[in-house]
Amino acid sequence: MRVLSFAVVGCGSRGRTYMRIARSLGHRVAAAADPDSKARSAMTEIAADPRLRLFDTGEELLAAGKLADVALIATQDAQHFEQTKAALAAGYDILLEKPAACSAEEVEELLTLAESLGRKIVLCFVLRYTPFYQAVKRVVDSGKLGEIVTINATEGVEPWHQAHSFVRGHWAKRAESTPMIVAKCSHDTDLLSWLAASPCTAVSSHAANTFFRPESAPPGATGRCTDGCPHCGACPFDTHRYLDDQKRWLAMVYPEVEKAADAEILEWLQTSRWGRCAFRCDQDTPDHQIVAVAFENGVTATLTMTAFDAGRRLRIHGTRGILQGALGADGRPPWLEFRPHFGGEAENVPIVETAASGYQGHGGGDFGLIEALPRLLEDPVSGASEYIDGHRIAFAADRAAKESRTVCMK
């Protein structure tokens, strides 16, 4: 296996997760950048290398020349486009957290630039590398389902996750990041494109925010949970849960949270965006959206995004049978089942456990992606172009919902 060195732009939750896995596989962290000193300190511990070069910003790191084989861009969405352009110009191959950029036009520009420079961009669509979706793909490619006719997918964001990331958090406003259907569900639109194995021709969509609104707030709720709200301890979105059963979410936005005393965290919640009442934020994200997609080969697909479910569900209709299953739903282990149309019993489809299965990030997909990265960088046909249709679908879905029309793809 080729040993890679990484220059990490963004030492937040995603950057640290990928680099922990990379280190476990024998790869090296050569450089890292983040404006947060705690985040840099956490990456220093992960790297465990006195040669590590640290920078306050990604721009400073990328201006220092090529310091590693791969640049991991794991900053906020709005920074991806310019930082990826700079990394490509500096000579890096790129491991790029999704979404690639904040508009369809920027995504296409990155694709063109990477191809012109002969560089690789590998997008972090980690679900492709989970044992669950690898099993789905094997069945689809085997022909057992016959011709694929329709694909129905659901992503349950889960209420607390919705409040943490898309109401209180970094992805609450489209102007500061990307539309939610892109930020959260480009994984899923990528999977639809991957499984349909055909270019998308048309997209329609509808979206709304039904629940996370001021009129849904319990009577007397304060603007912040820390302002003496009478519903503390009873409201399911009480920010004090970050000190208890929801502490894992805090770790994504508060580096080294395990070293912080509760009093320190509580003081931070009194002023941070994560201390606000989940019903009194100024987000413009939907809490549910449906997307309908037509593909060139005749396959049609739907995606339902909802804050009021957890995990992913999938049902694929073929001319010979149905493949259905779920990942992270209903408190059950991942499961997959094939049901033939014309006689025969339903059968369980084995989900092959791999080394990735032992790492729970995204159902094992985080591990699977990093494990596959050396191969992907050396594969002459692998690159951003194989992921681009999923982005096209997601951005078209946002446009279709805003304009109440079907978007026909060029």
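Regarding residue 116, is this residue free of Cβ contacts under 8 Å to residues at least 12 places away in the same chain, of a type in the set (S, T, N, Q) and assigned to a helix (DSSP H, G or I)?
For residue 116, the condition - free of Cβ contacts under 8 Å to residues at least 12 places away in the same chain, of a type in the set (S, T, N, Q) and assigned to a helix (DSSP H, G or I) - is met.
Any residue in the range 136-148 that's touching a residue at least 40 places away in the same chain (Cβ under 8 Å): show its pairings with residues that are open to solvent by 80 Å² or more (accessible area, probe 1.4 Å) at Cβ separation under 6 Å, as long as the two are six or more apart or on different chains.
Within 6 Å, the pairs are 145/320; 146/320.
Considering only residues that are crowded, with 16+ Cβ neighbours inside 10 Å and charged (D, E, K, R), look in the range 238-291 and name the one that is nearest to residue 46 (Cα to Cα).
In this case the residue turns out to be 241.
Tell me the residue from 59, 108, 45 that is touching a residue at least 60 places away in the same chain (Cβ under 8 Å), open to solvent by 10 Å² or more (accessible area, probe 1.4 Å) and either closer than 30 Å to residue 393 by Cα or over 20 Å from the mean Cα position of the chain (by Cα) (or both), please.
108 is the lone residue from the list that is touching a residue at least 60 places away in the same chain (Cβ under 8 Å), open to solvent by 10 Å² or more (accessible area, probe 1.4 Å) and either closer than 30 Å to residue 393 by Cα or over 20 Å from the mean Cα position of the chain (by Cα) (or both).
What is the residue count in the range 5-36 for residues that are open to solvent by less than 10 Å² (accessible area, probe 1.4 Å), under 11 Å from residue 72 (Cβ atoms) and in a helix (DSSP H, G or I)?
Count: 4.
Results for (1) under 23 Å from residue 392 (Cβ atoms); (2) not β-branched (Val, Ile, Thr), shown as yes or no for each residue.
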| position | (1), (2) |
| --- | --- |
| 114 | yes, yes |
| 117 | yes, yes |
| 131 | no, yes |
| 134 | no, yes |
| 140 | yes, no |
| 144 | no, yes |
| 147 | no, yes |
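The values are calculated or read from the model by the stated rules, or taken from the named source; none is laboratory data. Computed from a prediction, not measured in an experiment: that's the story for all the values here. Cβ: placed from backbone, ideal geometry, glycine included. Neighbour counts: every protein chain shown. Side chains are part of the model used for accessible areas, which takes the heavy atoms of the whole protein and leaves out ligands, DNA and RNA. Shrake-Rupley method; radii C 1.70, N 1.55, O 1.52, S 1.80 Å.
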